[in-house]
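*Asks:* If you scroll down you'll find the structure; I have some questions about it.
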Number of protein chains: 2
Amino acid sequence: MPRGPYQKSDVTREKILSAATELFAQRGYAGTGVDRLAEKSGIAKTAIYYHFGNKEGLLAAVLDRAATVWIENIKQSAERASSAEEALDRALAGMRTMVEEKSWILKLLLLLTLEVADEKPEIRKSMRQLYARARSSIVAGIRDAVGADVPDADMVGNVMLGQLQAVVVGLELVPDLSLDEVFSNLREIVLYMVASRLDPSLQETALLQPVAPVLPEA
Amino acid sequence: MPRGPYQKSDVTREKILSAATELFAQRGYAGTGVDRLAEKSGIAKTAIYYHFGNKEGLLAAVLDRAATVWIENIKQSAERASSAEEALDRALAGMRTMVEEKSWILKLLLLLTLEVADEKPEIRKSMRQLYARARSSIVAGIRDAVGADVPDADMVGNVMLGQLQAVVVGLELVPDLSLDEVFSNLREIVLYMVASRLDPSLQETALLQPVAPVLPEA
DNA sequence: GTCTATACGGCGATAGAC
DNA sequence: GTCTATCGCCGTATAGAC
């Protein structure tokens, strides 16, 4: 069994990462055994643990890379817009494309967060940073598009990312969920949130009060 | 080894369910081995598989029961309100309490959906029905509170449940997340959504357009 | 420090006898 | 329903080559 001069660590990491990216996308996370990853990448099973700690650490690395690419793409697309609304539409279109074509990334991102955020500080940190990058891209996008700092723009980012993740979960339950409806609804909400933060008088939606019906008292 | 007359199936199911509810809440899902469940409930390991198919089937049963109780509680609380806004506040308070006190239910609900919705039609169906029950409770609550049918009230439900789940994920990443902020933000959004559906002229938030800055063309 | 090979313990899940 | 295997897969431990 020739052991040859060993490859540089980075090369090995890359082989593992690309094999894992392919197999996780194809067969899912749970459906991809570490033994199979070792075989596919041509690297010993124990070396995978040496590099990534455990299967979840490998997943975190795969997802971090994949998601970063998407964040960057969407950001750049939005920057090419010539109006604030177009910037929003481009961002939403990017999110939608990701849901349609790479939902496994979003799905596993959620899964990883829920499964290991307790007890694995390193992975939690990695996920938190990824989320922070996505959200600050949105905040920056809003600032650029509107041309001014929007108060509490963080919350707009939270809502967008929250609804994005809700779509992923929703598709799992209702595969024929209407993305048109969901995204146009989200568009409307974001427009309202930004507008009401720029002009707080818009929050006067309490026209609900007078319409209130009479319900039996407890 | 006396095998005795076997207990009725329902009694056995109940023993398993209550043991699982307790252990899943205490030690988490992954942290609770089926062997331990068998020991704690006093029922043989294989009988658990006999009753629930597999560990995930058991989890689905546990969650269905626990979540149904919460949906009912929140619904009843909202019905006791004397105005539309109070009904919303009661519903939001109920959701918040659930996040604060029983977030493991929401967390595992999400996890189960993401992990097994493919490949396990029974569990997917169970989760979808649960989601549908929660959403139709919201829709009915809105109808009762406003005293009229709100067009596309489904989407309001989707947004509320989506943000609820986003909070659960968010807390996993940022344990000191401000629930005050998140829920008051959600309150604002729901009020807007309902109001704009009752009076579509409110959707004229396109005051963003004039503020649009000039960005470099691609 | 980087990697291989083997063996082993733990857990979910199934099969078959009773 | 219970029991006793038994399988597969994650993860670890160990020992050692380059």
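*Asks:* Can you list the copy-to-copy distances for residue B:200, using a point 7 angstrom from Cα toward Cβ, in nanometres, shortest first?
*Replies:* Inter-copy label distances (nm, one decimal, shortest first): 3.2.
*Asks:* Per 0.36 nm of contour for each residue apart, how much would the distance between residue B:93 and residue B:140 grow if the chain were fully extended, relative to their Cα-Cα spacing?
*Replies:* 15.2 nm
*Asks:* Over 25 Å, how big is the tail of the calculated P(r) for chain A, in percent of all Cα pairs? List each step's numbers first, then the result.
*Replies:* On the way: 12068 of 23653 pairs.
Within chain A, distances greater than 25 Å cover 51 percent of Cα pairs.
*Asks:* Sticking with this one: Once you treat every alpha carbon in segment B:119-160 as an equal point and sum by Debye, what is log10 I(q)/I(0) at q = 0.14, 0.16, 0.22 Å⁻¹?
*Replies:* -0.37, -0.46, -0.68
*Asks:* I need the phi-derived Karplus couplings for segment B:47-55: 6.51 cos²θ - 1.76 cosθ + 1.60, θ = phi - 60°, integer Hz, Gly and Pro marked x.
*Replies:* 5, 4, 5, 4, 7, 10, x, 7, 4
*Asks:* Would you kindly state how much longer the chain becomes between residue B:203 and residue B:18 on full extension, computed as 0.36 nm times their sequence separation minus their alpha carbon distance, in nm to one decimal?
*Replies:* Gain on stretching residue B:203 to residue B:18: 61.7 nm.
*Asks:* Please give, to one decimal in nm, the separation of the simple spin-label points placed at residue A:187 and residue A:129, each 7 Å out from Cα toward the Cβ.
*Replies:* Result: 3.5 nm between the two label points.
*Asks:* Turning to a different aspect of this structure: Hey, what's the Kirkwood Rh for the protein assembly as shown if you take every pair of different alpha carbons, in angstrom?
*Replies:* Final number for the Kirkwood radius of the protein assembly as shown is 23.8 Å.
*Asks:* Kindly write out, for segment A:130-144 in residue order, the coupling ³J(HN,Hα) from the Karplus curve 6.51 cos²θ - 1.76 cosθ + 1.60 (θ = phi - 60°), rounded to whole Hz, with x marking Gly and Pro.
*Replies:* Using θ = phi - 60°, the values come out as 4, 4, 5, 5, 4, 5, 6, 5, 5, 4, 5, x, 5, 4, 5 Hz.
*Asks:* Now, a different point. A drop of at least 10 square angstrom in accessible area, chain alone versus all protein chains together, probe 1.4 Å. Which residues of segment B:57-99 meet that?
*Replies:* Buried-area filter returns B:79, B:80, B:81, B:82, B:83, B:84, B:85.
*Asks:* For chain B, find the longest principal axis of its Cα atoms and tell me its angle to the long axis of helix B:9-27, 0 to 90°, nearest 10.
*Replies:* Approximately 60 degrees, to the nearest ten.
*Asks:* Before anything else, pin down the relative contact order of chain B: Cα pairs under 8 Å, at least 6 apart, normalised by residue count, whole percent.
*Replies:* RCO, chain B: 16 percent.
*Asks:* I've got another one for you. Find every distance from the label point of residue B:179 to the corresponding label point in the other copies (7 Å from Cα along Cα→Cβ) and write them in nm, one decimal, shortest first.
*Replies:* 3.5
*Asks:* So, for the protein assembly as shown, what is the accessible surface per residue at a probe of 1.4 Å, expressed in square angstrom?
*Replies:* Value returned for the protein assembly as shown: 49 Å² of accessible area per residue.
*Asks:* May I pose another question? In Å², nearest 100, what accessible area do chains A and B bury in total when the solvent probe is 1.4 Å?
*Replies:* Chains A and B together bury roughly 5700 Å² of accessible area.
*Asks:* For residue B:15, list the lysines whose Cα falls under 26 Å from its own Cα; do not include residues on the same chain fewer than 8 positions away.
*Replies:* Excluding near neighbours in sequence, the set is B:40, B:45, B:55, B:102, B:107, B:120, B:125.
*Asks:* Carbon and sulfur: what percent of the protein assembly as shown's accessible surface (1.4 Å probe)? Please report the intermediate quantities before stating the final value.
*Replies:* Details: 11190 of 21380 Å².
With neighbouring chains kept in place, the figure for the protein assembly as shown is 52 percent.
*Asks:* Label points 7 Å out from Cα along the Cβ direction at residue B:65 and residue A:73: separation in nm?
*Replies:* 4.5 nm
*Asks:* Copy-to-copy spacing for residue A:76, label 7 Å out on the Cα-to-C-beta vector, in nm, shortest first?
*Replies:* 5.7
*Asks:* Once phi is turned into θ = phi - 60°, what whole-Hz ³J(HN,Hα) does the Karplus curve with 6.51, -1.76 and 1.60 give for every residue of segment B:75-85, x standing for Gly and Pro?
*Replies:* Going residue by residue, I get 4, 5, 4, 5, 5, 7, 6, 10, 8, 4, 5 Hz, with x marking Gly and Pro.
*Asks:* Moving on to the next point. Measure out, as a whole number of angstrom, how far apart the alpha-carbon centroids of segment B:137-154 and segment B:75-98 sit.
*Replies:* Rounded to whole Å, the Cα centres lie 13 Å apart.
*Asks:* While we're here: Using +1 at the Cβ of each Lys and Arg and -1 at the Cβ of each Asp and Glu in segment A:63-198, identify which of A:196, A:183, A:158 lies farthest towards the dipole's positive end.
*Replies:* The one lying farthest along the dipole's positive direction is A:158.
*Asks:* Another one. Work through the residues other than residue A:134 whose Cβ is under 13 Å from its Cβ and net out their charges, Lys, Arg +1 and Asp, Glu -1.
*Replies:* Once positives and negatives cancel, what remains is +1.
The values are calculated or read from the model by the stated rules, or taken from the named source; none is laboratory data. For clarity, every value in this text was computed on a predicted model and none was experimentally measured. Ideal geometry is used to build each Cβ from the backbone, glycine not excepted, and the neighbour counts take in all protein chains shown. Accessible surface is based on the protein model in full, side chains and every heavy atom, while ligands, DNA and RNA are left aside. Shrake-Rupley method; radii C 1.70, N 1.55, O 1.52, S 1.80 Å.
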